[in-house]
Amino acid sequence: MALIMPHYQEQGQEVTLFEHAFRRQLPVLLKGPTGCGKTRFVEHMAAKLGRPLYTVACHDDLSAADLVGRHLIGDGETYWNDGPLTRAVREGAICYLDEVVEARKDTTVILHPLSDNRRILPIERTGETLHALPEFMLVVSYNPGYQNLLKGMKPSTRQRFVALRFDYPKPELEARIVAQETCVDDKLATQLVALANALRVLKEHDLEESASTRLLVYTATLIQDGFEPLAACRAALVEPLTDDSETVEALMEVVKTFFA
Ligand SMILES: Nc1ncnc2c1ncn2[C@@H]1O[C@H](COP(=O)(O)OP(=O)(O)OP(=O)(O)O)[C@@H](O)[C@H]1O
Ligand SMILES: [Mg+2]
């Protein structure tokens, strides 16, 4: 089966670094704001390296058993069912734990022996200890902006990973991404990126996060589809940023200076 490689526009040396980490069996941590390309990057790298990818969206109820597996009952019998992490360890796949800091703390016990030079996964419930195949790679990500003291990553966990910081790309690169993702022309892509950067520097409105590359792609998609630019910016670039209607109107004033 031919793998389709999702397009990824490199921002720095992240592709080479990831390849080195894969070859030398080092786990990788990606940090950066929402919609800046972390997931796309991992999808691209998995396809480039020809490895299956298991992605787990972590949430505050996600336990070690959700990653490792559990006994299930079927046809009156119990049988063991591998979780995504165990499957990746057995198959030599890439396991991507998105928003890893959200997961329950019992997951740390599993991740530590797997992310240092032991590369083992002890499965308590079956008594097995798996040694990860050389092609197995653990990738985790989180958004430092959302961190609170309780949810932060422990240094002993963080220091098991090679870490890559992501951010919104430089304007020329971001315009290229928007144009490539949506087929809008370069002029419109450049204009949208300039608008995003004008919104990003607005510090007086206390927005949780600023306009992401993802939102720019959404906005460009609507405009490309024939939607009026001001309305597209409102729906896809401004409203997703805040629920406060006064802030929306203030941000729309900035939009109007770009799309009168
Ligand atoms: N470097 C890039 N190359 C190609 N497309 C990109 C790039 N960066 C962002 N994008 C576009 O932005 C969209 C959002 O990126 P992605 O889903 O990877 O963000 P993310 O960092 O994983 O966000 P989140 O933290 O919210 O999960 C992608 O679907 C793609 O259209
Ligand atoms: Mg993501």
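What follows draws every value from the coordinates through simple rules; no lab data is involved. For clarity, every value in this text was computed on a predicted model and none was experimentally measured. Quick reminder, even Gly has a Cβ in these numbers, built from the backbone with ideal geometry, and neighbours come from all protein chains shown.
Taking label positions 7 Å along the Cα-Cβ direction at both ARG87 and ASN117, the computed distance is 3.2 nm, reported to one decimal.
Anisotropy class assigned to region 26-71 is oblate, per the alpha carbon gyration tensor with a/c at or over the 1.5 cut-off and a/b no larger than b/c. The C-alpha atoms of the chain define a longest principal axis, and helix 171-182 lies at about 80 degrees to it.
Using R0 = 45 Å, the C-beta based FRET efficiency linking SER245 and TRP80 works out to 0.30. Contact order, relative form, for the chain: 20 percent (alpha carbon pairs under 8 Å, 6 or more residues apart, mean separation divided by residue count).
Anyone know which of GLY32, GLY152, GLY76 comes out most mobile in the 10 Å Cα GNM of the chain? Fluctuation is largest for GLY76. Axis angle, to the nearest 10 degrees, between helix 14-23 and the longest C-alpha principal axis of the chain: 10 degrees.
The calculated FRET efficiency for the pair HIS59 and LYS256, based on their C-beta separation and a Förster distance of 35 Å, comes to about 0.35. The value of relative contact order for region 65-184, using C-alpha pairs under 8 Å at least six residues apart, is 23 percent.
Were the residues from HIS131 through ASP167 laid out at 0.36 nm apart, the gain over their Cα-Cα distance would be 9.5 nm. Shown here: region 14-165, whose C-alpha atoms stretch 48, 35, 26 Å along the first, second and third principal axes, sorted largest to smallest. With the largest listed first and rounded to whole Å, the semi-axes of the equivalent ellipsoid of the chain from the Cα gyration tensor are 39, 20, 17. Once both axes come from the Cα atoms, what is the angle between helix 186-200 and the longest principal axis of the chain, in degrees from 0 to 90, rounded to 10? Computed tilt is about 80 degrees. Among MET153, MET137, MET45, the largest mean-square fluctuation in a Gaussian network model of the chain (Cα springs under 10 Å) belongs to MET153.
A helix-only calculation puts the chain at -12000 deg cm²/dmol for mean residue ellipticity at 222 nm, using -39500 (n - 2.57) for each DSSP H run of at least four residues, averaged over all residues. Karplus-derived 3J(HN,Hα) values for region 84-95, using 6.51 cos²θ - 1.76 cosθ + 1.60 with θ = phi - 60°, are x, 5, 4, 4, 5, 5, 5, 8, x, 9, 9, 10 Hz; glycine and proline are entered as x.
Provide, for q = 0.14, 0.23, 0.24 Å⁻¹, the log10 of I(q)/I(0) from a solvent-free Debye sum over equal Cα point scatterers in region 149-198. Result of the Debye calculation: -0.54, -0.76, -0.81.
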